[in-house]
Amino acid sequence: MNGILCVNKPEDFTSFDVIAKLRGILKIKRLGHGGTLDPMATGVLPVFVGTATKACDIIPDNTKSYLAGFRLGYTSDTQDVWGNVSECSGKAVGEEDILAVLPEFTGNIMQLPPMYSAVQVNGKRLYDLARQGIEVERTPREIEVYSLSVSGYDPDTREGVLRISCGKGTYVRTIINDIGEKLGCGAIMTSLVRDSSCGFMLDECYTLDEIQKAADEGRTEELIIPIERIFDSLPKLHLNPVQTRMYSNGVKLDIGRVRNILPDTDRYSVYGSDRNFIGTAVTDREAGVLRVEKNFI
């Protein structure tokens, strides 16, 4: 069994809990996932099965989108409602005030990783240090926020929902925390649903119960998405029988002989003469050759 199984991660499960559960259901050890979700979050968790695990570090599209509930006027040591929450300010804030600061949190911005995170400092996870009451100096990291908007806000309760589309490594609760600081009233995240990840949508996902039922009925293969789907954004390169044999054995191919009228890009998804997906290739412009990046056969 090889491919991608999209899971609707339940609340109170870590991403690793999901992997452990699936190993028991699928009777397969070789599993990986496409982007960690905090335990309280739900939504899209692409799980890579079998040889598809080789794609985890070369995914072309790492865009993720979220619906994040927030509440103004509070702060928390975890930046969300599940931590030690303190009332911060009763300052009145209108939706127009929130909209006015959102541009500052859009685009390429620097973000300070929260203490309650899996980021490592000197070989130690920040959340392990945080649980010991230790706070250490952290280095801001560049993240990319493609879009950020308010999807409903009640000025009386000061609660609302943010819709965010962003790149990998983004902490949504930190964005909410920083917006609260900018507004001068504090803010915490109250819920988080990831509704897309790596090109997969929430309506393509299965619950753990649905996956267990499919396994009991011997039809888990029906739930698996072919690995080539993850590389849909790359130009497709189709090889002839001789090129297929050479490339499958790791032989570098002359770019001029295989590229023909394809776009002049650095990466391709490669298909054999039988029209089946082989893997991904990258160009070596100096040598004028196409070489294997990852093969999945």
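Can you list the strands (runs of 3 or more DSSP E) found entirely within segment 203-297 that contain at least 2 residues being under 22 Å from the mean Cα position of the chain (by Cα) and surrounded by 12 or more Cβ atoms within 10 Å (Cβ to Cβ)?
267-271, 277-284, 289-295
Out of curiosity, is Ala68 surrounded by fewer than 18 Cβ atoms within 10 Å (Cβ to Cβ) and either outside the structural domain of Cys205 (by TED's automatic domain parsing) or modelled with pLDDT of 95 or more (or both)?
no
To keep it simple, each residue is scored yes or no on (1) among the small types (Gly, Ala, Ser); (2) at pLDDT below 90.
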position: Glu222; (1), (2): no, no
position: Ile230; (1), (2): no, no
position: Leu234; (1), (2): no, no
position: Gln243; (1), (2): no, no
position: Gly250; (1), (2): yes, yes
position: Asp254; (1), (2): no, yes
position: Arg257; (1), (2): no, yes
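Suppose we filter Ala187, Ala214 for residues that are assigned by TED's automatic domain parsing to the domain that holds Val44, in contact with a Leu (Cβ under 6 Å, 6 or more places away or on another chain) and under 27 Å from Phe13 (Cβ atoms); which single one remains?
Ala214 is the lone residue from the list that is assigned by TED's automatic domain parsing to the domain that holds Val44, in contact with a Leu (Cβ under 6 Å, 6 or more places away or on another chain) and under 27 Å from Phe13 (Cβ atoms).
How many residues are crowded, with 16+ Cβ neighbours inside 10 Å, under 25 Å from His33 (Cα atoms) and of a type in the set (Phe, Trp, Tyr) if we restrict to segment 138-195?
Residues meeting the conditions: 1.
Does Gly123 satisfy the condition of being modelled with pLDDT under 95 and on the phi > 0 side of the Ramachandran plot?
yes
If we only count strands (runs of 3 or more DSSP E) wholly inside segment 94-199, which ones have 3 or more residues that are under 28 Å from Leu5 (Cβ atoms) and of a type in the set (A, V, I, L, M)?
The strands (runs of 3 or more DSSP E) meeting that bar are 187-197.
Can you list the strands (runs of 3 or more DSSP E) lying wholly within segment 29-89 that have 2 or more residues being within 14 Å of Cys198 (Cβ to Cβ)? Lay out the reasoning, then the answer.
Values: elements: 31-33, 42-49, 64-72, 74-76, 85-87.
Answer list for segment 29-89: 31-33, 42-49, 64-72.
Quick one: in segment 86-106, which of the residues that are touching a Phe, Trp or Tyr at 6+ places or on another chain (Cβ under 7 Å), more than 14 Å from Gly152 (Cα to Cα) and of a type outside the set (Ser, Thr, Tyr) is surrounded by the fewest Cβ atoms within 10 Å (Cβ to Cβ)?
By that ranking, first place goes to Glu87.
Could you grab the pairs with beta carbons closer than 8 Å, sequence gap of 6+ or different chains, first residue in segment 199-218 and more than 15 Å from Lys64 (Cα to Cα), second one loosely packed, with under 13 Cβ neighbours inside 10 Å?
From residues that are more than 15 Å from Lys64 (Cα to Cα), the pairs are Ala214/Glu222.
Being polar (S, T, N, Q), buried (at least 16 other Cβ atoms within 10 Å of the Cβ), within 17 Å of the chain's Cα centre (by Cα) and under 14 Å from Thr174 (Cβ atoms) narrows it down to one of Ser117, Ser76, so name that one.
Ser117
Taking segment 95-117 on its own, how many of its residues are more than 12 Å from Glu142 (Cα to Cα) and of a type in the set (A, V, I, L, M, F, W, C)?
Summing the residues that are more than 12 Å from Glu142 (Cα to Cα) and of a type in the set (A, V, I, L, M, F, W, C) in segment 95-117 gives 6.
The values are calculated or read from the model by the stated rules, or taken from the named source; none is laboratory data. Only a predicted model underlies this, so the values are computations on that prediction, with no experimental measurement involved. Neighbour counts are summed over all protein chains in view; Cβ atoms, including those assigned to glycine, are modelled from backbone coordinates with ideal geometry.
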